[in-house]
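Only one structure is covered here, and it is reproduced in the block below.
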Amino acid sequence: MNREESHTANSENDRYRLLVDAITDYAIYMLDPDGIVTNWNAGAQRFKGYTAEEIIGQHFSRFYLPEDRSDGLPARALAIARTEGKFEREGWRIRKNGERFWAHVVIDPIWGKDGTLIGFAKITRDLTERRAAAETLRQSEEQFRLLVQSVTDYAIYRLDPKGHVASWNSGAERIKGYTPAEIIGSHFSRFYSEEDRLAGEPERALSISRDQGRFAAEGWRVRKDGSRFRASVVLDPIRDDKGELIGFAKVTRDVTEREEAQRRLDLAREALFQSQKMEAIGQLTGGVAHDFNNLLMAILSSLTLLEKRVSGDASAQRLIDNARQGAERGAALTQRMLAFARRQELNPEPVDTPALVRGMTDLLQRTLGPSHPIGLQFPLSLPWVLADANQLEMALLNLAVNARDAMPDGGAISITASEATVGDRKPDGLAPGRYVKLAVVDTGTGMDAATLARATEPFFTTKGIGKGTGLGLSMIHGLADQMKGELVLRSAVGHGTTAELWLPVTEVRQHAVAAPAPAPGSVDQPRDLRVLVVDDDCLVLMNTTALLEDMGYGVTEANSAAEALALFKDGTAFDLLITDQAMPGMVGTQLIEKTRELVPDLPVILASGYGELPEAALHNVIKLAKPFGQAQLAAAIRKVETEQPARADTDRVPAIAAQ
């Protein structure tokens with residue numbers, strides 16, 4: 001090589017050296033064949049912390065971890081580079097200050113022209129930050145995977161662009177029943193019902209998600225076991241950085257319980273609406289029945305008095321009898337209305353249900369006729385119930401007649417009884433406890449759902465005009481409720497009807513029943529009574545006064561409780577107070593309470609068509625049910641005289657009279 005060529009080569013070497021020294025992002029240095037560092041660039045100094053003077057002449061193994069040196073990794077790296085032409089790997093290395101860093105290492109052998117090994121070129125890059133970022137990303141992805149996997153209330157999974165399942169979380173497994181091994185790779189359409197698959201719903205969901213960026217809907221889906229559930233579904237497209245579709249994210253929630261809760265809420269609202277409607281109708285019916293009772297009482301008492309004045313006139317007597325029968329039928333109708341409104345007076349007592357039914361079987365059979373035989377089915381032993389026996393008989397007769405009317409061509413009617421227990425309080429309010437179910441079963445035409453829903457409404461009937469009042473079932477419904485039981489109707493068109501009366505069990509048994517007292521006749525007055533009659537209805541007041549005067553009593557009338565109190569405060573003395581209950585301003589029980597503040601031991605008869613009266617105000621008070629006739633009024637007065645003997649004349653003046 002001449003001088004000029006030598007100068008050019010030296011210049012070229014200087015440029016390469018300057019180029020290598022200028023690189024700071026890579027450690028570029030040379031090793032001799034034994035691994036001794038022979039040169040050192042600025043990048044190596046920056047990465048590893050050694051200056052050229054500190055490291056040149058040192059073996060490169062000092063950059064390795066102690067465990068890697070013990071394992072012979074530095075020598076193995078040189079051997080691989082020499083035999084395979086290159087060594088490339090990532091691993092931990094050590095800086096001068098002892099700090100570790102993650103390095104990407106490439107070692108290339110350097111051969112002379114004669115093929116002898118001159119040394120090695122070693123390039124190292126510090127990837128600590130990139131590794132940390134990659135590790136952070138990996139941890140984030142792992143945490144996200146664990147997060148998704150741990151969600152059990154939602155099915156969260158991925159679909160490929162064609163709709164095949166590519167991932168599966170534990171929520172999906174819980175909701176749909178498939179394990180990942182069973183479902184990954186399958187098409188998501190298998191979750192749809194057969195009719196939805198035939199209608200193309202899966203493909204439509206993917207298309208809408210792909211074109212509009214989102215698909216959301218609710219519908220029925222199918223679990224692995226074939227059962228259906230109501231699902232809320234969201235399907236979102238997944239796109240890469242270039243906007244290419246790479247799959248779908250699908251989130252499914254089982255909302256079956258929510259749907260069921262909503263259904264129950266709707267039923268509860270409907271039940272509340274029905275309850276409010278029936279309560280309003282009951283209030284109206286009770287008020288109408290009360291006013292009707294007053295009218296009937298005026299008619300019946302007038303007929304009683306008129307009958308005495310036309311005795312011996314057969315034609316007039318027939319007319320009076322017809323009028324009385326009509327009024328008594330009206331009175332029975334008001335009792336049904338009050339039963340529906342739950343305001344009639346009941347006499348609850350222990351009742352042996354099978355004995356009661358057997359005792360009225362002949363009556364039932366005569367009423368129903370031979371084409372409707374009655375079958376009784378009772379267990380050998382059955383607890384007694386607490387009920388009004390007379391009202392219960394009337395209810396059974398009504399149910400049996402309804403069963404007969406449902407089978408116009410004839411058919412058997414079954415009356416059965418069994419014991420039942422209610423554990424938790426039912427939605428309709430039947431309290432926990434033991435009950436007897438008394439059922440009347442027919443095999444007649446039955447009722448559809450709409451008719452069944454209205455069956456206990458007052459005046460609702462499917463019978464022809466003149467064949468029913470529509471108060472039978474409503475009366476039984478009110479009666480059962482008043483006896484703390486329940487009327488349950490089950491029916492289907494063509495399959496007959498079962499009417500169950502649930503009656504509360506009582507541990508008390510009635511061993512002996514007193515013989516009924518004979519009907520009262522005319523009253524033999526033990527002494528002259530001064531009677532104060534209080535009623536806001538002028539017709540009732542006038543007729544009650546007429547009945548009492550006909551029996552020989554002296555009567556004073558008051559149109560209101562306030563007028564009656566004024567008489568007491570003025571010093572007027574009375575032996576008996578007969579008062580109505582439902583009066584404006586002050587009801588009868590309030591009048592009784594205020595009167596007894598003035599005359600503590602004054603005998604009182606409370607006349608009312610209502611059965612629900614405050615017990616506290618009924619102490620030493622004789623109740624008289626409206627509408628009443630002269631015989632019932634006489635019996636009440638006789639009871640007063642029996643239970644409350646006549647007071648001395650000095651006691652007949654109110655204590656306030658001196659004032």
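The values are calculated or read from the model by the stated rules, or taken from the named source; none is laboratory data. Keep in mind that what you see is a predicted model, and the values were worked out from it rather than measured. Cβ atoms come from the backbone with ideal geometry, glycine included; neighbour counts cover every protein chain shown. Note: areas computed on protein heavy atoms with side chains; ligands, DNA, RNA excluded. Shrake-Rupley method; radii C 1.70, N 1.55, O 1.52, S 1.80 Å.
Could you compute Rg(Cα) / (2.2 N^0.38 Å) for segment 353-453, with N its residue count?
Numbers: Rg = 14.9 Å, N = 101, 2.2 N^0.38 = 12.7 Å.
Dividing the Cα Rg of segment 353-453 by 2.2 N^0.38 Å gives 1.17.
Residue-wise HN-Hα couplings along segment 246-254, as the Karplus relation 6.51 cos²θ - 1.76 cosθ + 1.60 with θ = phi - 60° gives them from phi, are 10, x, 9, 9, 10, 10, 10, 10, 7 Hz; Gly and Pro carry x.
Going by accessible area, probe 1.4 Å, with all protein chains left in place, what is the ranking of Glu173, Glu129, Glu203, largest first? Mind dumping the intermediate values first?
Details: Glu173 70, Glu129 155, Glu203 105 Å².
Result, largest first: Glu129, Glu203, Glu173.
For an R0 of 60 angstrom, estimate the FRET efficiency from the Cβ-Cβ distance between Arg76 and Asp225 and round to the nearest 0.05. Calculated value: 0.55.
Taking R0 as 25 Å, what's the FRET efficiency between Leu567 and Leu539 from their Cβ-Cβ distance, rounded to 0.05?
Numbers: r = 21 Å, r/R0 = 0.85.
For R0 = 25 Å, the calculated efficiency reads 0.70.
Scaling the Cα radius of gyration of segment 19-82 by the globular reference 2.2 N^0.38 Å produces a ratio of 1.13.
Would you please put 87-96, 373-382 in order of how densely packed they are, using the mean number of other Cβ atoms within 10 angstrom per residue and starting with the highest? Show your work: numbers first, answer last.
Working: 87-96: 15.5, 373-382: 12.2.
So the peptides 87-96, 373-382, ranked by packing, come out 87-96, 373-382.
The base-10 log of I(q)/I(0) for segment 149-232, evaluated at q = 0.26 Å⁻¹, reads -1.57 [Debye formula, identical scatterers on Cα atoms, solvent excluded]. For Val255 and Asp550, the difference between the fully extended length at 0.36 nm per residue and the C-alpha to C-alpha distance is 98.6 nm.
Using the Cα centre as the reference, give the magnitude of the dipole from point charges on the C-beta atoms of segment 102-254 (Lys, Arg: +1; Asp, Glu: -1; all else neutral), rounded to the nearest 20 debye.
Details: 25 positive and 24 negative charges, 28 e Å.
That gives segment 102-254 a dipole magnitude of about 140 debye.
Available extension along the chain between Asp25 and Gln58 is 9.7 nm, counting 0.36 nm per residue and deducting the alpha carbon span. Residues whose amide H comes within less than 5 Å of that of Asn41, counting only those at least five positions distant or on another chain, are Ile28 (H built at 1.01 Å from N in the peptide plane). Amide H to amide H, with H built 1.01 Å from N, Ile118 comes under 5 Å of Ile110, Trp111, Gly112, counting only residues 5 or more places away or on other chains.
Rounded to the nearest 20, the size of the Cβ-charge dipole of segment 56-123 about its Cα centre is 220 debye, with Lys and Arg at +1 and Asp and Glu at -1. When peptides 531-537, 223-229 are ranked by their average number of other Cβ atoms within 10 Å per residue, the highest-first order is 531-537, 223-229. Here the 3J(HN,Hα) profile of segment 210-217, calculated from phi with Karplus coefficients 6.51, -1.76 and 1.60 at θ = phi - 60°, is 5, 8, 10, x, 5, 10, 9, 6 Hz, Gly and Pro shown as x. Ratio of Rg to Rh for segment 73-118: 1.10 [Cα atoms; Kirkwood radius as inverse mean 1/r over pairs].
For the pair Ala453 and Glu201, a Förster radius of 30 Å applied to the C-beta separation gives a FRET efficiency near 0.25, rounded to the nearest 0.05.
Modelled spin labels at His104 and Lys86, positioned 7 Å past Cα toward Cβ, are 1.3 nm from each other.
Using the Karplus relation 6.51 cos²θ - 1.76 cosθ + 1.60 with θ = phi - 60°, the per-residue 3J(HN,Hα) values for segment 310-323 come to 10, 4, x, 9, 5, 5, 5, 5, 4, 5, 5, 4, 4, 5 Hz, with x marking Gly and Pro. Using the structure shown, list the pairs from Lys569/Lys623; Lys308/Lys639; Lys48/Lys122; Lys176/Lys224; Lys176/Lys250 with a Cα-Cα distance above 18 Å, or answer none. Over 18 Å apart, Cα to Cα: Lys569/Lys623; Lys308/Lys639. Mean silhouette area of segment 50-191, derived from the convex hull of its C-alpha atoms and averaged over all directions, reads 14.6 nm².
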